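Undergrad: Sharing a structure, written as structure tokens. Questions coming.
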Amino acid sequence: MNTKTLDQIKTDYYGVVGTPERDRLERELEALRIGFKIRSAREKKEMTQAELAARINKKRTFISKVENDGENITLKTLFDIVERGLGGKLGIEVQI
């Protein structure tokens, strides 16, 4: 059995890191991770999407969209969701 790592599979299908297609994939995956982390934090606090939305003056459908595809979220909105809505602290890392 020939087992491959996730990075090997991504390289086979999308190219090496630094190519436009691979970079696009990595950005999309990171957006999905952000949405998943927001959903997990909300559920851990036993909040509904409507309750979270009310805390940041947004609609429930907006929270649903962020949780399912966090790709087009602004930093301000991300800070609002995490800090005002969930009572957490947001940390951002830049890698070069």
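The values are calculated or read from the model by the stated rules, or taken from the named source; none is laboratory data. The structure presented is a predicted model; accordingly, all values stated were derived computationally and were not measured. Note that we place each Cβ from the backbone using ideal geometry, even for glycine, and neighbour counts take in every protein chain shown. Areas reflect the complete protein model, heavy atoms only, side chains present, ligands, DNA and RNA absent. Shrake-Rupley method; radii C 1.70, N 1.55, O 1.52, S 1.80 Å.
Undergrad: Expressed as a rounded percentage, what relative contact order does the chain have, with Cα pairs under 8 Å and six or more residues apart?
TA: Once normalised by length, the contact order is 22 percent.
Undergrad: When the helix-only estimate is applied to the chain (DSSP H runs of n ≥ 4, each -39,500 (n - 2.57), divided by the residue count), what is the mean residue ellipticity at 222 nm, nearest 500 deg cm²/dmol?
TA: -17500 deg cm²/dmol
Undergrad: Let's see if you can work this out: charge +1 on each Lys and Arg Cβ, -1 on each Asp and Glu Cβ, no other charges. What is the dipole magnitude of the chain about its Cα centre, in debye to the nearest 20?
TA: 460 debye
Undergrad: Between their Cα atoms, which of K37/K89; K10/K37; K45/K76 are more than 19 Å away from each other?
TA: Where the Cα-Cα span goes over 19 Å, the pairs concerned are K10/K37; K45/K76.
Undergrad: Moving on. Report the residue, chosen from D80, D23, D69, that carries the largest GNM mean-square fluctuation when the chain is represented by alpha-carbon nodes joined by springs under 10 Å.
TA: Largest GNM mean-square fluctuation: D23.
Undergrad: Hey, any idea what % of the chain's accessible area is carbon plus sulfur with a 1.4 Å probe?
TA: Of the solvent-accessible surface of the chain, carbon and sulfur hold 55 percent.
Undergrad: Along the charge dipole of the range 32-96, which of F79, S64, L52 sits closest to the positive end, that is, farthest toward it, with unit charges on the beta carbon of Lys, Arg, Asp and Glu (+1, +1, -1, -1)?
TA: Most positive-ward Cα: L52.
Undergrad: Once the Cβ-Cβ distance between I96 and E28 is put in as r, and R0 is 22 Å, what FRET efficiency do you end up with, to the nearest 0.05?
TA: In this case the efficiency is close to 0.60.
Undergrad: Right, next: The chain: longest stretch without exposed GluC sites (Glu not before Pro) (DSSP loop, at most 14 other Cβ within 10 Å), sites themselves excluded?
TA: 47-92
Undergrad: How far, in nm, would the chain grow between S40 and Q8 when pulled straight, counting 0.36 nm per residue and subtracting the alpha carbon separation?
TA: The S40-Q8 span can extend by a further 8.7 nm.
Undergrad: Summing Lys, Arg as +1 and Asp, Glu as -1, what charge do residues with Cβ under 15 Å from the Cβ of Y13 carry, Y13 excluded?
TA: Residues close to Y13 contribute a combined charge of -2.
Undergrad: Work out how much length V16 to L78 would gain on full extension: take 0.36 nm times their residue separation and subtract the Cα-Cα distance, in nm to one decimal.
TA: 19.4 nm
Undergrad: Compute the Rg to Rh ratio over the chain from the alpha carbon atoms, using the Kirkwood formula for Rh, and round to two decimal places.
TA: 1.09
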